[in-house]
């Protein structure tokens with residue numbers, strides 16, 4: 001990075017900076033823990049001679065324990081694409097207008113989590129509903145180990161609340177599907193996309209975007225015949241840029257399918273482990289009769305609905321990584 005010509009190739013330079021940031025996200029906490037261990041050892045020797053330091057010793061021991069727990073958790077991010085950026089697709093499912101509103105709430109939730117961790121967020125595609133919320137949206141979340149942390153969010157998210165769109169104030173159950181895939185580099189040879197396997201459809205972009213977007217057929221939809229995957233992008237005015245982004249989205253979805261196959265083989269010996277994936281219900285969010293959010297797989301529970309919607313998701317991510325590594329059966333009960 002200190003080379004005079006480092007920034008001549010902006011794309012390659014930015015990739016190198018991102019790589020350095022990912023490496024430092026592991027090395028710096030490790031160095032801090034090693035240093036804290038040395039300090040703790042020295043403090044222990046002093047405490048043997050001065051009992052008034054015992055409280056400080058207990059505090060430092062607790063701090064080091066938390067550092068080690070964090071390092072242990074980071075070691076679970078060992079998947080083939082865990083260090084990659086993430087593409088998060090959200091789709092409204094059953095529940096009518098409430099489901100569309102719920103899908104947009106989830107989009108804000110993941111965006112808030114990304115902002116809290118200083119991750120970059122790019123909206124790749126958004127289909128607004130005519131009444132409220134969204135029919136679907138796809139965002140890229142870019143930062144160290146973004147996919148590794150977010151991959152466990154793939155599945156169905158269920159919301160129970162008093163519907164703001166129902167004049168009678170009835171309780172409404174809504175569903176939204178989340179699909180998370182790793183953002184794969186164009187030169188990654190693991191994922192091969194052949195032109196003859198793709199059908200490309202061009203159509204007019206919908207929603208806000210100015211006269212040019214709405215009058216020009218710039219939006220791209222790609223259908224991959226071997227897998228049945230369908231992706232689309234309309235975020236740019238340029239058809240060429242939308243196609244490049246759609247190819248990236250397709251590549252990401254294909255990489256996730258390959259990773260799911262590897263995970264299935266890894267956990268084949270744990271027959272009691274429930275099905276996970278795009279069509280499986282993974283989490284319940286309740287606003288009525290009381291506030292709570294509970295993960296169906298890990299049993300992780302938060303009694304503050306708004307805190308979760310504000311992007312405080314780390315507890316769910318940590319619980320999923322440990323649960324997935326253990327290969328154990330679910331601990332959660334079925335909530336109704």
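Counting beta carbons within 10 Å around each of 156, 257, 184, 34 and listing the fewest first gives the order 34, 257, 156, 184.
The distance between label points at residue 199 and residue 54 comes to 7.6 nm (points 7 Å beyond Cα on the Cα→Cβ vector). If R0 is taken as 22 Å, the Cβ-Cβ distance between residue 62 and residue 322 corresponds to a FRET efficiency of 0.65.
In plain terms, the residue of 220, 162, 247 with the fewest other Cβ atoms within 10 Å comes first and the most crowded comes last, giving 162, 247, 220. Calculated [222 nm] ellipticity per residue, helices only, for the chain: -14000 deg cm²/dmol; basis is -39500 (n - 2.57) per DSSP H run with n ≥ 4, divided by all residues, nearest 500. Shape class for the chain: oblate, because the ratio a/c of the largest to smallest gyration tensor axis (alpha-carbon atoms, square roots of eigenvalues) is 1.5 or more and b/c is at least a/b. Looking at the square roots a ≥ b ≥ c of the eigenvalues of the Cα gyration tensor of the stretch 6-75, which shape do they give, rounded for a/c under 1.5, prolate if a/b is larger than b/c, or oblate? Prolate shape, in that a/c is at least 1.5 and a/b is the bigger ratio. For the stretch 6-75, relative contact order (Cα pairs under 8 Å, six or more residues apart, normalised by length) works out to 33 percent. Packing, taken as the mean count of other beta carbons within 10 Å per residue, orders the peptides 139-152, 93-106, 5-18 from highest to lowest as 139-152, 93-106, 5-18. Quick one: check the C-alpha center-to-center distance for the stretch 91-123 versus the stretch 154-177, whole angstrom. Their Cα centres are 15 Å away from one another.
Where a number appears in this text, it was derived from the coordinates with a stated rule and is not lab data. None of these values were measured; they are calculated from a predicted model. Cβ sites come from the backbone with ideal geometry, for glycine too, and all protein chains shown count toward neighbours.
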